[in-house]
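Engineer: Mind looking over this structure? Questions follow.
The values are calculated or read from the model by the stated rules, or taken from the named source; none is laboratory data. Keep in mind it's a predicted model, so treat the numbers as computed, not measured. Neighbour counts run over all protein chains shown; Cβ positions are idealised from the backbone, glycine included. Just the protein is used for accessible areas: all its heavy atoms, side chains included, with ligands, DNA and RNA removed. Shrake-Rupley method; radii C 1.70, N 1.55, O 1.52, S 1.80 Å.
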Amino acid sequence: MRAEKFAENVFAGDSGGHDIYHTLRVHSVARRICAEEGGNERIVRLAALLHDVDDPKLFGNAGYANAMRFMESEGIPAEEREKIIRIISQISFRGSGSSVPDTLEGKIVQDADRMDAIGAIGIARAFAYGGSKGRPMHIPSEKPRESMTEEEYRSEGTTLNHFHEKLLKLKGLMNTESARKMAERRHIYMEEFLDEFLREWDGKMRWPLLS
Ligand code: ADP
Ligand code: NI
């Protein structure tokens, strides 16, 4: 699909967790969910490949200029373009609330985007993102925040708290049954990671290696 090439060009150079590989993973997970759940595969694929090409964190608030430019140049009909832009605008997680897309295709792409924030990849992305913002991994006296405005969500906070504030909630927020199943193993892996992290933090070991 030419949209893959387009996204590659748009993301050339970025390494803050929003690189092209994030987009390619979301695309392949979205295809898998779509194969099980149904929905228009073309819309799902295009929305997945274009979902971050206008991310305000990377490109400022230029609306959906990149996605629109690509779709117009490809001669994608206005009706499809609107569906895809609508999905992109509905899928992102902001603050403590989250919008549920009103189409099956949107639900699938949102699930695939969330899938990439959990599990081993999710752990790696969280620390990469936290590192890029100069955030501490963990401060024992700082407890996770219960609810946040978008501003608070974007600012401060330790990376470990981000697991409690967002990542551990994602499994329960999945829209589709296939995604919920796929999220299960990744969720358990994060719980084990946190458990292990805190054991090591406190100088404990899981096995009596040093007895
Ligand atoms: P998206 O735009 O894909 O919905 P975000 O831009 O919010 O997601 O986050 C991109 C990646 O960075 C995700 O893996 C997310 O978990 C991680 N991330 C976002 N905010 C934080 C944070 N405060 N601390 C650590 N990781 C974060
Ligand atoms: Ni994304």
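Engineer: Just to verify a result, which residue in the range 25-83, among those that are among the aromatic types (F, W, Y) and within 16 Å of ligand 2 (Cβ to nearest atom), is farthest from G122 (Cα to Cα)? If you could, list the steps in order and put the result at the bottom.
Structural biologist: Pass one, the range 25-83, residues among the aromatic types (F, W, Y): 59, 64, 70.
Now restrict to residues that are within 16 Å of ligand 2 (Cβ to nearest atom): 59, 64.
Numbers: F59: 23, Y64: 26 Å.
This residue is Y64.
Engineer: Quick one: what pairs do we get from the range 18-46, first residue on the phi > 0 side of the Ramachandran plot, second assigned to a helix (DSSP H, G or I), C-beta under 7 Å, 6+ apart or different chains?
Structural biologist: G38/L104; G39/L104; G39/E105; G39/I108
Engineer: Now for a separate question. Sort through V53, V44, V29 and tell me the only one that's hydrophobic (A, V, I, L, M, F, W, C) and at pLDDT below 95.
Structural biologist: V53
Engineer: For the range 14-24, enumerate the residues that are open to solvent by 30 Å² or more (accessible area, probe 1.4 Å) and closer than 18 Å to I85 by Cβ.
Structural biologist: Answer for the range 14-24, where residues must be open to solvent by 30 Å² or more (accessible area, probe 1.4 Å) and closer than 18 Å to I85 by Cβ: there is none.
Engineer: Is there a residue in the range 114-126 that is modelled with pLDDT of 95 or more, outside any helix (DSSP H, G or I), open to solvent by less than 50 Å² (accessible area, probe 1.4 Å) and in contact with a Lys or Arg (Cβ under 6 Å, 6 or more places away or on another chain)?
Structural biologist: Yes, the range 114-126 contains at least one residue that is modelled with pLDDT of 95 or more, outside any helix (DSSP H, G or I), open to solvent by less than 50 Å² (accessible area, probe 1.4 Å) and in contact with a Lys or Arg (Cβ under 6 Å, 6 or more places away or on another chain).
Engineer: Just checking: which of the helices (runs of 4 or more DSSP H) contained wholly in the range 132-180 hold 3 or more residues that are modelled with pLDDT of 95 or more? Step through it out loud before you land on a result.
Structural biologist: Working: elements: 150-154, 159-165, 170-173.
So the answer is 159-165, 170-173.
One line per residue, one yes/no per condition, for (1) open to solvent by 40 Å² or more (accessible area, probe 1.4 Å); (2) in a helix (DSSP H, G or I); (3) within 13 Å of ligand 1 (Cβ to nearest atom); (4) of a type outside the set (A, V, I, L, M):
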| site | (1), (2), (3), (4) |
| --- | --- |
| A3 | no, yes, no, no |
| E8 | yes, yes, no, yes |
| V26 | no, yes, yes, no |
| I33 | no, yes, no, no |
| A48 | no, yes, yes, no |
| D54 | no, no, yes, yes |
| K57 | yes, yes, yes, yes |
